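Asker: Pasting a structure below so you can have a look.
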Amino acid sequence: MKYTINHISTGENEVIVNYIDMNQEVERVINFIKGEQTKLIGWKDKEQKVIDIKTILYIETVDSKTFAYTEEDVLRLDYTLTQLENLLNDINFFRCSKSMIINIDKVDSLRSLPSNRIDARMVNGEHIMISRTYASDFRRILKKGAQHE
């Protein structure tokens, strides 16, 4: 892949991507520029595994260890929940409690509960509790998303 880097003294930083065919290499460059992380590395049975972020249902910290849950697997991650929250901020992941981040795209249904909490049923049938501390932000995000559709 050919690339050109130019230093400018005024104006705005700009990245232009010219391509003939959209392939994996071009997609990786675009995702990097956009700041979109698409894969994480996790551990299962002392073996490293690559996880596509889109397959993650939720991420949870238990006993100071962080785990990613997919429909098929549970993998340990070498990140803190705060690091993952920052990394996944623009990819429909939401901090729903002190110890958990959920993938909004994997929520199947919602039910309001007393004390301003929300029961989120995931596509695999698991129920995740969105604490009252985070519930109003969650509702705001859902309303904003519904307006864009």
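Asker: Check the stretch 100-123 and report whether any residue there is in contact (Cβ under 8 Å) with a residue 60 or more places away in the chain, of a type in the set (A, V, I, L, M, F, W, C), under 20 Å from ILE56 (Cβ atoms) and open to solvent by 30 Å² or more (accessible area, probe 1.4 Å). Outline the logic, then answer.
Answerer: As a first pass, look at the stretch 100-123 and keep what is in contact (Cβ under 8 Å) with a residue 60 or more places away in the chain: 122-123.
From the residues that got through so far, the ones that are of a type in the set (A, V, I, L, M, F, W, C) too are 122-123.
With under 20 Å from ILE56 (Cβ atoms) added as a condition, the list becomes 122-123.
Checking the rest, the ones that are also open to solvent by 30 Å² or more (accessible area, probe 1.4 Å) come to 123.
Within the stretch 100-123 (the criterion being in contact (Cβ under 8 Å) with a residue 60 or more places away in the chain, of a type in the set (A, V, I, L, M, F, W, C), under 20 Å from ILE56 (Cβ atoms) and open to solvent by 30 Å² or more (accessible area, probe 1.4 Å)), the answer is yes, since at least one residue qualifies.
Asker: Here is a follow-up. Please verify whether the stretch 88-96 includes one or more residues that are open to solvent by 70 Å² or more (accessible area, probe 1.4 Å), free of Cβ contacts under 8 Å to residues at least 40 places away in the same chain and more than 10 Å from the chain's Cα centre (by Cα).
Answerer: Checking the stretch 88-96: not a single residue is open to solvent by 70 Å² or more (accessible area, probe 1.4 Å), free of Cβ contacts under 8 Å to residues at least 40 places away in the same chain and more than 10 Å from the chain's Cα centre (by Cα).
Asker: Another question, then. Is there a residue in the stretch 123-132 that is under 17 Å from LEU40 (Cβ atoms), in contact with an Asp or Glu (Cβ under 7 Å, 6 or more places away or on another chain), part of a strand (DSSP E or B) and at pLDDT 95 or above? Give the steps one after another, and end with the answer.
Answerer: Going through the stretch 123-132, the residues under 17 Å from LEU40 (Cβ atoms) turn out to be none.
Scanning the stretch 123-132 turns up no residue that is under 17 Å from LEU40 (Cβ atoms), in contact with an Asp or Glu (Cβ under 7 Å, 6 or more places away or on another chain), part of a strand (DSSP E or B) and at pLDDT 95 or above.
Asker: So which of ASP73, ASP45, ASP78 is of a type in the set (Asp, Glu), open to solvent by 80 Å² or more (accessible area, probe 1.4 Å) and in contact (Cβ under 8 Å) with a residue 24 or more places away in the chain?
Answerer: Numbers: ASP73 fails: open to solvent by 80 Å² or more (accessible area, probe 1.4 Å); ASP45 fails: in contact (Cβ under 8 Å) with a residue 24 or more places away in the chain.
Being of a type in the set (Asp, Glu), open to solvent by 80 Å² or more (accessible area, probe 1.4 Å) and in contact (Cβ under 8 Å) with a residue 24 or more places away in the chain holds for just one of ASP73, ASP45, ASP78, which is ASP78.
The values are calculated or read from the model by the stated rules, or taken from the named source; none is laboratory data. Quantities reported herein were computed from a predicted structural model and do not represent experimental measurements. Note that we place each Cβ from the backbone using ideal geometry, even for glycine, and neighbour counts take in every protein chain shown. These accessible areas exclude ligands, DNA and RNA; they are computed on the full protein's heavy atoms, side chains included. Shrake-Rupley method; radii C 1.70, N 1.55, O 1.52, S 1.80 Å.
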